[in-house]
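Below is one structure, written out as structure tokens, with a few remarks after it.
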């Protein structure tokens, strides 16, 4: 069954929001945390957060983006 215009718009907005979350310097799952983790590793310091949990959250966002893109493409 084809998506309504509203459903399509909501899915597209969710993709935009998730993409922004992955790259935003204000997001708790933003790219900045990966850079900060690398900085801590290079200086021999322990990272202030759990990199495995960060990876899980970032992967969940990427998986959801892929799912939404497939739903939009199947329409």
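Just so you know, all these numbers are worked out from the coordinates, no wet-lab data involved. As the structure is a computational prediction, the values presented were derived from the model and not from experiment. Methodologically, a virtual Cβ is constructed for each residue, glycine included, from the backbone with ideal geometry; neighbour enumeration extends over all protein chains shown.
Table: residues versus (1) more than 17 Å from residue 68 (Cβ to Cβ); (2) touching a helix residue (DSSP H, G or I) at 6+ places or on another chain (Cβ under 9 Å).
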residue: 5; (1), (2): no, no
residue: 16; (1), (2): no, no
residue: 27; (1), (2): yes, yes
residue: 31; (1), (2): yes, yes
residue: 36; (1), (2): yes, no
residue: 42; (1), (2): yes, no
residue: 53; (1), (2): yes, no
residue: 56; (1), (2): yes, no
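For the range 46-61, name all the residues that are in a helix (DSSP H, G or I) and surrounded by 13 or more Cβ atoms within 10 Å (Cβ to Cβ).
If the condition is that a residue be in a helix (DSSP H, G or I) and surrounded by 13 or more Cβ atoms within 10 Å (Cβ to Cβ), then 51, 54, 55, 57, 58, 61 are the ones that fit.
Sort out which residues of the range 21-45 are part of a helix (DSSP H, G or I) and surrounded by 13 or more Cβ atoms within 10 Å (Cβ to Cβ), and write them in order of number.
So the first thing to find is which residues in the range 21-45 are part of a helix (DSSP H, G or I), and the list is 21-23, 31-43.
Within the range 21-45, 21, 22, 31, 32, 33, 34, 36, 37, 40 qualify.
So is residue 72 in contact (Cβ under 8 Å) with a residue 40 or more places away in the chain, surrounded by 11 or more Cβ atoms within 10 Å (Cβ to Cβ) and part of a loop (DSSP other than H, G, I, E, B) or not?
Judged against the criteria, residue 72 is not a match.
Among the residues of the range 1-15, which ones are in a helix (DSSP H, G or I) and more than 14 Å from residue 63 (Cα to Cα)? So that I can check it myself, show each step before the final result.
First, pick out the residues of the range 1-15 that are in a helix (DSSP H, G or I): 5-15.
Listed by number, the residues that qualify are 5, 6, 7, 8, 9, 10, 12, 13.
Any residue that is surrounded by 12 or more Cβ atoms within 10 Å (Cβ to Cβ), under 10 Å from the mean Cα position of the chain (by Cα) and in contact (Cβ under 8 Å) with a residue 12 or more places away in the chain - is there at least one of those in the range 5-12?
Within the range 5-12, not a single residue is surrounded by 12 or more Cβ atoms within 10 Å (Cβ to Cβ), under 10 Å from the mean Cα position of the chain (by Cα) and in contact (Cβ under 8 Å) with a residue 12 or more places away in the chain.
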